[in-house]
């Protein structure tokens, strides 16, 4: 059975954890060949996945990395290839995207759109055509919150699958929120959702968003986030109750710029205030990057340390550690502050008491599933006083919170692994492989 997985952001540690789960499950369930369409295949050169034929190729129109890896760095040829590749990407991001959208929404120029897909990325186009099915990686792919009108490479990738008439499964998604400026972009998203064989959602609000698109209920399946399925891989490290762990406060930040409800200076001041309080209470602080080598994220960490005047008690975890090592280190924290969605999920699955800052309602929904919504709040409410108040509340209920998280995470791990195995069996029944 041949599967294509898309889209995948290779530098995002949440996305890496999702793919880690998916590939492990594909291999465990006997899938022989998996092709992953990713933003940068080179970042997966040292992958550990054994037991299957797994290959990584460029997604969408992002294929300029060849200029970085195939020719001498900063040579004349290097610069020429970079310029040509960027011009090429701009063309497919504008004219190519528009042509593909027109082919799907208006049923015009379909043959020309197929030729365009081949010229844009023949490797991905051929992989899709040869696949028994295409499965999207879990996450927040279909929303106007992160991309205006959901126009971008991730939508482009999914539209290619529809054009190729291949079975597509949307796995563990948060759908929405939506605020479309152009009706044709809304119609493209409706086409993708309607076309999909199954849509697995990880939060309650997504079901309502799908109803607004009149998606048949028989296509919609409720599951959990993929990363909860990794709990069984680190369960032995998560069993230590927080009261017995070292006094370590873990922190991950959210550096997204679109739709932010808090200014940078206030955000830094708020987290710095919490860091100072924690250090005064005898804690050290570990900052957990959620991207690989992200200068912007590092700036957040250093600014927080500088404003707190506690840099000697702070440490930034190596961003290059793999998913399992990241989870192991987080499981050693007594308390964790998470803002980016998967940093919250990492804390929940390791049964680490946390404060959840929500830039999207999905984060509060995850906390609500545990009955821990009192320990989370929306981003706009962030202040030193708010963080310190909840920090004190968490400290007084450490082991009780841990127990709730451990029980629920065990349940979610079992469920998500069963659901993914069911997805694979559905593909196998259709393909006969």
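The values are calculated or read from the model by the stated rules, or taken from the named source; none is laboratory data. Here the structure is a predicted model, which is why all the values come from computation and not from measurement. Here Cβ is always computed from backbone atoms with ideal geometry, including for glycine, and neighbour counts include all displayed protein chains.
A count restricted to the stretch 320-348 and to residues that are outside any strand (DSSP E or B), farther than 13 Å from residue 14 by Cα and touching a helix residue (DSSP H, G or I) at 6+ places or on another chain (Cβ under 6 Å) stands at 5.
Restricting attention to the stretch 226-237, does a residue exist that is crowded, with 20+ Cβ neighbours inside 10 Å, over 25 Å from residue 92 (Cβ atoms), in the same structural domain as residue 312 (by TED's automatic domain parsing) and more than 21 Å from the chain's Cα centre (by Cα)? The answer is no, given that none of the residues of the stretch 226-237 is crowded, with 20+ Cβ neighbours inside 10 Å, over 25 Å from residue 92 (Cβ atoms), in the same structural domain as residue 312 (by TED's automatic domain parsing) and more than 21 Å from the chain's Cα centre (by Cα).
With the requirement that a residue be touching a helix residue (DSSP H, G or I) at 6+ places or on another chain (Cβ under 8 Å) and either more than 21 Å from residue 16 (Cα to Cα) or in the same structural domain as residue 40 (by TED's automatic domain parsing) (or both), what does the stretch 282-301 give you?
283, 284, 285, 300
In the stretch 11-24 there is at least one residue that is more than 21 Å from residue 167 (Cα to Cα), at pLDDT 90 or above, assigned by TED's automatic domain parsing to the domain that holds residue 133 and outside any helix (DSSP H, G or I). The criterion of at least 1 residues that are at pLDDT below 95 and farther than 19 Å from residue 186 by Cβ is met, among helices (runs of 4 or more DSSP H) falling completely within the stretch 78-158, by 110-120, 122-130. Inclusion of residue 200 among residues that are touching a strand residue (DSSP E or B) at 6+ places or on another chain (Cβ under 9 Å) and crowded, with 21+ Cβ neighbours inside 10 Å is warranted. Residues in the stretch 11-31 that are without any contact (Cβ under 8 Å) to a residue 60 or more places away in the chain and touching a strand residue (DSSP E or B) at 6+ places or on another chain (Cβ under 9 Å): 23, 27.
In the stretch 242-259, is there at least one residue being exposed (fewer than 14 other Cβ atoms within 10 Å of the Cβ), at pLDDT below 95, within 18 Å of residue 341 (Cα to Cα) and touching a strand residue (DSSP E or B) at 6+ places or on another chain (Cβ under 8 Å)? For the stretch 242-259, residues exposed (fewer than 14 other Cβ atoms within 10 Å of the Cβ), at pLDDT below 95, within 18 Å of residue 341 (Cα to Cα) and touching a strand residue (DSSP E or B) at 6+ places or on another chain (Cβ under 8 Å): absent. Out of all the residues in the stretch 394-424, which are closer than 21 Å to residue 222 by Cβ and without any contact (Cβ under 8 Å) to a residue 40 or more places away in the chain? Within the stretch 394-424, 404, 407, 411, 414, 418, 422 meet the criteria.
Looking at 170, 188, can you tell me which residue is in contact with a helix residue (DSSP H, G or I) (Cβ under 8 Å, 6 or more places away or on another chain) and within 22 Å of residue 2 (Cα to Cα)? Before you say what the answer is, go through the steps one by one.
Details: 188 fails: within 22 Å of residue 2 (Cα to Cα).
After ruling out the rest, the residue left standing is 170.
Looking across the stretch 103-129, the residues that are touching a strand residue (DSSP E or B) at 6+ places or on another chain (Cβ under 6 Å) and under 12 Å from residue 164 (Cβ atoms) come down to 124, 127, 128. With respect to (1) part of a helix (DSSP H, G or I); (2) under 17 Å from the mean Cα position of the chain (by Cα), the lone exception for residue 357 is condition (1). Residue 367 passes every criterion in (1) in the same structural domain as residue 335 (by TED's automatic domain parsing); (2) free of Cβ contacts under 8 Å to residues at least 60 places away in the same chain; (3) surrounded by fewer than 17 Cβ atoms within 10 Å (Cβ to Cβ) apart from (3).
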